[in-house]
Amino acid sequence: MLVAQFIKPGNLSIVDYPIRKLNDDELLIEISACGVCGTDFHIYKGDAPASFPIIPGHEYSGVIADKGASATEFNIEDHVAIDPNIYCGYCNECRNGRVNFCENHKALGVTLNGGFAEYSIAPSKQAYLLPKDFPLSDAAFAEPLSCCIRGIDRAEIKCGDNVVIVGGGTIGLLMLQLAKLRGAAVVALIEPITSKQNVALNLGANFVLAPDDSVSINNLIELTHGGFDVVLECVGSKDAVEQSNRLIRRGGTLVIFGLADKSSYINLNLFDIFRKEISIKTSFLNPFTFQRAINLLASGRINVRAIQPKQYTIQDIKKVFNSNSSSDVIKYQIINKKKEAR
Ligand SMILES: [Zn+2]
Ligand SMILES: [Zn+2]
């Protein structure tokens, strides 16, 4: 099968890769679509941990092509989305319900081969059944959505809260919709690129502002009587976190969601955050949120079509990793069979 492989940081190759024999509990999935995540760019640059060489890609959906003897929950031809995070179930963290901190955590596309390939092998417990008529390219958003649900749970948004999202990429645009579902009164989005601002407006954002538009941002802080109840940081940069801190009202909650470089630090004024009594939270992986993500996608409550992923085949994947991050493409997807991914 044709796969994309990170041989080591900065070295991406398209190779012919053998499909190994399945273990009893495994599924062979013919991949339809696999989203390209910010994390994949970090892995490619060598500033997020991964096992090399690796077939990356952890946001994928496809059709079951074969299954091991004990994978009785699924049938050949079933459509599934894959939760890439594999927890051991027996370490101290797992046994205390904190599976996302599993001491033996493995992830398809990060420490095990993943979805930038024609086929992927996954333990059957990682697969989530999709309605047959649900588009598989939309289902490839289940993984990022499941992570966003974790972030939204951590934010504890109450109906009537004012919420601002910093960063209008895929994550910010999913968070925007989730914040509205949670009953936010006002949802604002801070994002420099106009095309992303427009998608946010189409998805119901009340305000969209550029991060350097300090006049409008100050007006918004005034309009919300001193700042937002909840700020969701979805960039992963020092500037974005520091701006998030300026947007939050006294007693508010900041969720730092974006994945930053390993060398990033923030500068917060201790007296300022003391007086504001803010809660600063982070959000890690997607413990027990994958089924809810599938439910929201299948019911049409979350619109991923508006994000309009730009699709490339495995053969063309280098164009994605050579693209520059300020382009107005919100999401890239690697698709295997065009017919099925649409
Ligand atoms: Zn991801
Ligand atoms: Zn564990």
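The values are calculated or read from the model by the stated rules, or taken from the named source; none is laboratory data. Quick caveat, the model's predicted, so the values are computed rather than measured. Using ideal geometry, Cβ is built from the backbone for each residue, glycine included, and neighbour counts are taken over all protein chains shown. In case anyone asks, the SASA skips ligands and DNA or RNA and just uses the protein heavy atoms, side chains included. Shrake-Rupley method; radii C 1.70, N 1.55, O 1.52, S 1.80 Å.
Observations, loosely collected:
- Within the straight-line cut-off of under 20 Å between alpha carbons, the lysines reachable from residue 331 are 45, 196, 310, 318, 319, 339, sequence neighbours fewer than 8 places apart in one chain being disregarded.
- When peptides 124-130, 33-39, 217-223 are sorted by average Cβ neighbour count within 10 Å, with the highest value leading, the order is 33-39, 124-130, 217-223.
- Mean accessible surface per residue for the stretch 148-282, computed with a 1.4 Å probe while every protein chain stays in place, in Å²: 46
- For peptides 235-243, 148-156, 269-277, sequence by mean Cβ density within 10 Å, most packed first: 148-156, 235-243, 269-277
- The alpha-carbon of residue 106 sits under 18 angstrom from the alpha-carbons of these lysines, leaving out residues fewer than 8 places away in its chain: 125.
- Per residue of the chain, the DSSP helices (runs of n ≥ 4 H) give a summed -39500 (n - 2.57) that works out to -7500 deg cm²/dmol at 222 nm.
- Selected from 92, 177, 223, residue furthest toward positive end of dipole (the chain; charges at beta carbon): 223
- Counting only alpha carbon atoms, the long axis of helix 238-247 and the longest principal axis of the chain meet at about 50°.
- Between 0 and 90°, nearest 10: helix 170-181 axis offset from the chain longest Cα axis: 70
- The packing ranking, built from the mean of other Cβ atoms within 10 Å per residue, places the peptides 163-169, 40-46 in the order 163-169, 40-46, highest first.
- Net charge, residue 64 excluded, C-beta distance under 10 Å - Lys, Arg +1, Asp, Glu -1: -3
- Expressed as a whole percent, the accessible area of the chain that falls on carbon and sulfur atoms is 49 (1.4 Å probe).
- Formal net charge of residues neighbouring residue 306 (Cβ-Cβ distance under 12 Å; K, R +1; D, E -1): +2
- Note on the stretch 32-173: with charges restricted to the Cβ of Lys and Arg (+1) and Asp and Glu (-1), its dipole about the Cα centre is near 360 debye.
- Once C-alpha pairs closer than 8 Å and six or more residues apart are averaged by separation and normalised to the residue number of the chain, the relative contact order reads 19 percent.
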